[in-house]
1. Within region B:26-38, how many residues are more than 7 Å from chain A (Cβ to nearest Cβ) and over 21 Å from B:P80 (Cβ atoms)?
2. Could you run through region B:145-159 and say how many residues are surrounded by fewer than 21 Cβ atoms within 10 Å (Cβ to Cβ) and either part of a loop (DSSP other than H, G, I, E, B) or more than 14 Å from chain A (Cβ to nearest Cβ) (or both)?
3. Looking at region B:64-81, which of the residues that are within 13 Å of another protein chain (Cβ to nearest Cβ) and β-branched (V, I, T) is farthest from B:C116 (Cα to Cα)?
4. Quick check on my filter: what residues within region B:1-25 are facing chain A (nearest Cβ under 10 Å) and surrounded by fewer than 19 Cβ atoms within 10 Å (Cβ to Cβ)?
5. Restricting attention to region B:35-46, which residues are of a type outside the set (G, A, S) and buried (at least 24 other Cβ atoms within 10 Å of the Cβ)?
6. Has region A:175-193 got at least one residue that is among the aliphatic types (A, V, I, L, M), touching a residue at least 24 places away in the same chain (Cβ under 8 Å) and in a helix (DSSP H, G or I)?
7. Go through region A:240-261 and report how many residues are touching a residue at least 40 places away in the same chain (Cβ under 8 Å) and not in a strand (DSSP E or B).
Amino acid sequence: MTSKMVTPALTRRGFVNIGGALFVSLAIPPGLRVKAAESPTSLDPAMLASWLEIRSDNTILMRTGRTETGTGMSAFYAQTAAEELNVRPEAIALILGDTDKTPDGGYSAGFLFGATNIRKVAAYTYQALLGLAAAKLGVPASGLTVTDGVVSGGGTSISYGQLVQGQHLDLKIPVSGKPVTIDPSQDTGVAGLDGFVVTGDPPMKAMSQYTVIGTSYPVPGIPGKVTGKTQWSCDVTLPGMLYAAMVRPATLGSALISAGALDKKRFPTAEVVKKGNLVAVVSPNGWEAVSAARSVAAGTKWTSWSGLPGSENLTKTLREYQWGEPGESKGNAADVIAALASAPKTISATYEQPYVRHAPLGPYVAVADVRGDGSVTVWTHSAHSQALRAQIANTLGTPEEKVVVRWLEHAGQYGRTTFGGDGAEGDAVILSQLTGKPVRVQWTLQEDLAWSTVSPAWVADLKAAFDANGRLIAVHSASFSPHMFDARLLGAILAGMPCTTSKTHGWVATEWPLRQDSEPAGTGLRKAESWRGIGNRWAARQYYAHAGTAPAELRAGIVDQRGGGIGGRRRNPIPHRPYHRPAADRHTQRHREGGGMGTAALSARRRAPYRDSAGDRPRREHHRPQQRLLGGHRRGRSYSRDGRRAGD
Amino acid sequence: MASELTLSVNGAKHVASAALDTPLLYVLRNDLKLSGPRLGCGLAQCGACAVLVDGKEVRSCIVPVSSAVGKHVITIEGLPAVWAAQKGLNEAEAASTLHPVQQAWIDEQVPQCGYCQSGMMIAAAELLARNPNPTVAHIKDAFPNTPPSPHLCRSGTYAAIIDAVQRAARAMSV
């Protein structure tokens, strides 16, 4: 029920014009509604209470579908909201990743992007609170100040808790986007991975006004982890739960011939469960499940299969793939090819990388409870609970409304669960459905290293042309790679149940030719990126080697990998240092003075470090030869002085 | 076949029914509901499952539970009591005091994901028990070399761990 508009303080900044209505309801809220048509089980992202609740005790509950990935995000989210609300981060509690308790906010990677929703919601809320306080105190919003959640003006003050006491701040949050859905047309097999995005342009603090971000705020979850009180995803137990250990096929393409016999005398509580090529041993006793599975595995027969090329033939296989036209192409290829053909000096190189496993310290684990009434609850550590929910519903043929995914912490996954698939969840829901009991599936590390998704292998062919003056005039990079990650649920594949599309059709070839004669030497390197920037790094390094030194522009730190520019020049440019090829050291086993240069771009951070080494000690005594590491770095701000310590 | 085993864990007696070859880790986690030690590699090669048995670090993922009978097992949940006993703290003080290693891990904000840190703290507690004032070189040597195998952290918290061990050493020397 709308009772009061607080738009006057808002319209001057224009953010009401994006379509969101801002109002305060004095009625008791009906509770968090489910917007069935668009977001089957996640909270309605257009409702403020789905994101943020201010309580009468001055505490704040913040919700996000994103999760802690082991990088301190949980602290950063609290700091982000606290900054815009002008409260202490300690006042903010977070609910992360549970599909029935949070809005769909996309996958948990890229903090700055992921925090935007929270930041905007907090900023909208702050303006609403100012409007409430202005009415309550009889002071224009422009005459109010807020410190630690207490609004002051006109000689009096009131806390946020007092402002909302007995009423409900019913603020409509403008959003765009759609929830995750299964979509075979996507390379990942799922659409809507970004979830809902909070739109509009609410007034937000400038970095110069920050009082929370950049200060000390210890990660709230650390005391629990240090004392053993944190409940991790591997700690979930349910009444009647079975422990499951998987018996995996002999090879990726093997089919089950027969499962090995189970010695019931040795393993009296264990049972073999099969569906298609999915084979497991379950038991109420965890160790009995593991040891029985080992015994069963020894007698299980699989068809032979040799569909993989082998590591020694990986590159050859990638090159023989019929790639067709590049999936991505930038620049004028014909112009670059002509420059390469006519240049007085050209160089070329090929880089290859095998598949790389993400290899967390803790292997996959999941608990699932699939009930006779069709309800499904899964406990996970996935980085995308909503996408996982969609995948599970698709596999089980269950409406998404029936599936709840609960998130808990686990070992850092390094991005491999971004698409919500992969992991033990598929095994767990299928086994729970088959047994009629809650099932906990714990992968072994060996299993994880063999069956989890990977970063793809790639090959990259690079060519560069120099003019008669040694200036780099053209770079051509071509990369070939299977698509990033495979989001399918392994359990679904093995059991022959529905799963998202295979991505074998989504292999990627890129061609990024560069020709920028008009740009100063060196800066033209910045657009010579191909897969993971290998083209840029190679070109910069080769340019350095060819010219004998880094050009002034590079030494001034202005090179950028993705065209955005780091901005500004070093006040004291890096001095000229001759380049030395590492191969020269192999004979003497001694270091020589010199320098090197590389670039790196991570999320919104862009760096162009310049490494300078000197010394002549044997390598075995000197593991870190660089004496100076200088760099250009896009200006930013450290989120927390505490979070900066770990991993330095 | 399961046997009745009496274990001393974190100063308390527990009776568990388990096959003699059951790894200690499974009994600690599944029967005694102690979540501090965790499964990592399952091969004694990462340290996530480390606990103290009679003051020595062992990898509970491979040590059979039968080998712990008659010995004192300490997990991170039991570290505060170890320190309280060592310092003769009264009940009220003990209830509000962490082991200096744990406090240092908080103060230095060591954990990233934290999955490995139980084992790291166990290794630190063992190191400080035999060397109250370790140098950086001692610490660097202890974590990869002294325990059964290196303690691994995929988040790369090693520098923070060195700081935390030194902080704990200072606190324990007061």
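The values are calculated or read from the model by the stated rules, or taken from the named source; none is laboratory data. Nothing here was measured: the structure is a model prediction, and the numbers come from that model. Counting neighbours? That spans all protein chains shown, and the Cβs are built from the backbone with ideal geometry, glycine included.
1. The number of residues fulfilling the criteria is 2.
2. 7
3. Checking each candidate, the answer is B:V65.
4. Listed by number, the residues that qualify are B:M1, B:A2, B:S17, B:D21.
5. B:P37, B:R38, B:L39, B:C46
6. No, that holds for no residue.
7. Going through region A:240-261 one residue at a time, the tally reaches 12.
Matching residues to (1) of a type in the set (D, E, K, R); (2) outside the structural domain of B:I162 (by TED's automatic domain parsing); (3) in contact with a Pro (Cβ under 8 Å, 6 or more places away or on another chain):
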residue	(1), (2), (3)
B:P37	no, yes, no
B:V63	no, yes, yes
B:Q86	no, no, no
B:A94	no, no, yes
B:P111	no, no, no
